[in-house]
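Let me begin by presenting the structure, written as structure tokens, before commenting on it.
The values are calculated or read from the model by the stated rules, or taken from the named source; none is laboratory data. Nothing here was measured: the structure is a model prediction, and the numbers come from that model. Note that we place each Cβ from the backbone using ideal geometry, even for glycine, and neighbour counts take in every protein chain shown. In case anyone asks, the SASA skips ligands and DNA or RNA and just uses the protein heavy atoms, side chains included. Shrake-Rupley method; radii C 1.70, N 1.55, O 1.52, S 1.80 Å.
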Amino acid sequence: MAALADISGAMPVHSVSARRRLITSRIIVYAALIVAVILVLFPIYWMIVTSLKLPREIYRVPSLWPKTFTLDNFSKLLADGKFLLAIRNSAIVSSIVTVISVIISSFAAYSMVRFRYRFRGVFGRLILFAYLTPGSLLFIPLSIVMAQLHLGNSLVGLILVYLTFSLPLSTWLLQGYFRGVPRELEEQGMIDGLTRFGALIRIVLPLSAPGLAAVAIFTFTGAWNELLFALVLTTSESVRTAPLALNYLITSDVLPWGPLMAGAVISSVPLMILYFVAQRFMIAGMSEGAVKG
């Protein structure tokens, strides 16, 4: 009886200590999450706030909150319409690169995962090496190639150059998603009358919707933010992209922080919309895959 009493008396102590450890671990986790959120969101907050400040508040009285809100920076940036043209060019280039990259990489990744042919492993390694090659080593050869093809200083040339870097990454990413789709589902679909192409379109791609969304996000973001090749391959104002237009706002040692931050805010809007829409597709694709799997 005494032993039972000791055990019953000890149990609440253990439960209290376990509960304290649980509470402590949760506090640490939430504290770490709060710090991470602050580190991620503060630059965005500072960008937006700076774009709404007067020049004297930006340079003379730096503060976390503007005393006077103004849209003058946006007015200066958009007055001549050149930045809106750059936004349009970036949207055209990034959208075309994303669509072509997703389509071609889907077929390439599917062939490397499902089909057996000679040098398949070699092709896979070459794709990975192409992705790992630094762009700073290739901008001179690519600029010469574009000049020989008479595609310099054009959006078509930018699209082709961006595809040389987006296709290897897209193919490499989609291979992992396609491997996760059971072969039995495709075989069952082909027994029911689907062709290999139909199995890809109606079974593999819907179940790989999260991967397709991730590839689209990475491709669009990379093409939207790219500056080096746009700086080398384009010279006319009519074909400048958004990052290049922001770069040309800087003259000598003068940094117009107000218009720069206003341009950064405007340039961020399409990416935010893409992430919001793609996130919904990723969630829908994962739910659909869980039900069908």
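In whole Hz, what ³J(HN,Hα) sequence does the range 44-58 give by Karplus (6.51, -1.76, 1.60; θ = phi - 60°), x for Gly and Pro?
5, 4, 5, 4, 5, 5, 5, 5, 9, 9, 6, x, 5, 6, 6
For Ile48 and Tyr131, what is the calculated FRET efficiency with R₀ set at 30 Å and r taken between the beta-carbons, to the nearest 0.05?
Working: r = 34 Å, r/R0 = 1.13.
Approximately 0.35, to the nearest 0.05.
Using a Förster radius of 30 Å, what is the FRET efficiency between Ile28 and Gln279 based on their Cβ-Cβ separation? Nearest 0.05, please.
On the way: r = 28 Å, r/R0 = 0.92.
With R0 = 30 Å, the Cβ-Cβ based efficiency is 0.60.
Give me the percent of the accessible area of the chain that comes from carbon and sulfur atoms, probe 1.4 Å, all protein chains in place. If you can, show how the numbers build up before the last one.
Numbers: 12670 of 17720 Å².
Carbon and sulfur atoms account for 71 percent of the accessible area of the chain.
Let me know the longest stretch in the chain that avoids all trypsin sites (Lys or Arg not before Pro) found in a DSSP loop with at most 10 other C-beta atoms within 10 Å.
Details: sites that count: Arg60, Lys67, Arg116, Arg118.
Excluding the exposed sites themselves, the longest stretch runs over 119-293.
Students sometimes get this wrong: rank Thr221, Thr164 by accessible area, probe 1.4 Å, all chains present, largest first.
Details: Thr221 25, Thr164 65 Å².
Order by accessible area, largest first: Thr164, Thr221.
Taking 2.2 N^0.38 Å as the expected size of a compact globular protein, what ratio does the Cα radius of gyration of the range 64-184 give against it, to two decimals? Mind showing how you got there, number by number?
Values: Rg = 20.4 Å, N = 121, 2.2 N^0.38 = 13.6 Å.
After normalising by residue count via 2.2 N^0.38 Å, the value is 1.50.
Running Debye on the range 238-282 with equal point scatterers at the Cα sites and no solvent, what base-10 log of I(q)/I(0) appears at q = 0.23, 0.25 Å⁻¹?
Once normalised to I(0) and log-transformed, intensities are -0.81, -0.87.
Extension gain Met272-Phe107, at 0.36 nm per residue separation less the Cα-Cα distance, in nm? Spell out each step's value before the answer.
On the way: separation 165, 0.36 × 165 = 59.40 nm, distance 2.83 nm.
Net length gain for the segment: 56.6 nm.
Two decimals is fine: what's Rg over Rh for the chain, C-alpha atoms, Kirkwood radius as Rh? Don't skip to the answer; put the middle values down first.
On the way: Rg = 26.4 Å, Rh = 23.3 Å.
Rg/Rh: 1.13.
Stretch Leu64-Leu185 to full length: gain in nm at 0.36 nm per residue minus the Cα-Cα span?
Details: separation 121, 0.36 × 121 = 43.56 nm, distance 5.56 nm.
Additional length available on full extension: 38.0 nm.
How big is the dipole moment of the chain about its Cα centre under a simple scheme where the beta carbon of each Lys and Arg is +1, that of each Asp and Glu is -1, and everything else is neutral? Debye, nearest 20, please.
Values: 23 positive and 12 negative charges, 83 e Å.
Computed about the Cα centre, the dipole is about 400 debye.
For Leu249, which sequence-distant residues (separation of 5 or more, or a different chain) have an amide H within less than 5 Å of its own amide H, given hydrogens modelled in the peptide plane?
Amide H neighbours of Leu249: none.
Phe115 to Ala79: FRET efficiency via 1/(1 + (r/R0)^6), r the Cβ-Cβ distance, R0 45 Å, to the nearest 0.05?
On the way: r = 56 Å, r/R0 = 1.24.
Efficiency computed from Cβ-Cβ geometry: 0.20.
With all protein chains present, calculate the accessible area of Trp224 using a 1.4 Å probe and round the result to the nearest 10 Å².
Accessible area, nearest 10 Å²: 10 Å².
Mind listing the long-range amide H neighbours of Leu54? Cut-off is under 5 Å, sequence gap 5 or more, other chains count too, H placed in the peptide plane at 1.01 Å from N.
Residues meeting the criterion, in which the H sits 1.01 Å from N, are Thr68.
So which aspartates and glutamates pass the test for Lys67, namely a Cα distance under 19 Å, with those fewer than 8 places away in the same chain ruled out?
Excluding near neighbours in sequence, the set is Glu57.
What does the accessible area of Val254 come to, in Å² to the nearest 10, when a probe of 1.4 Å is used?
Taking all protein chains as shown, Val254 has close to 80 Å².
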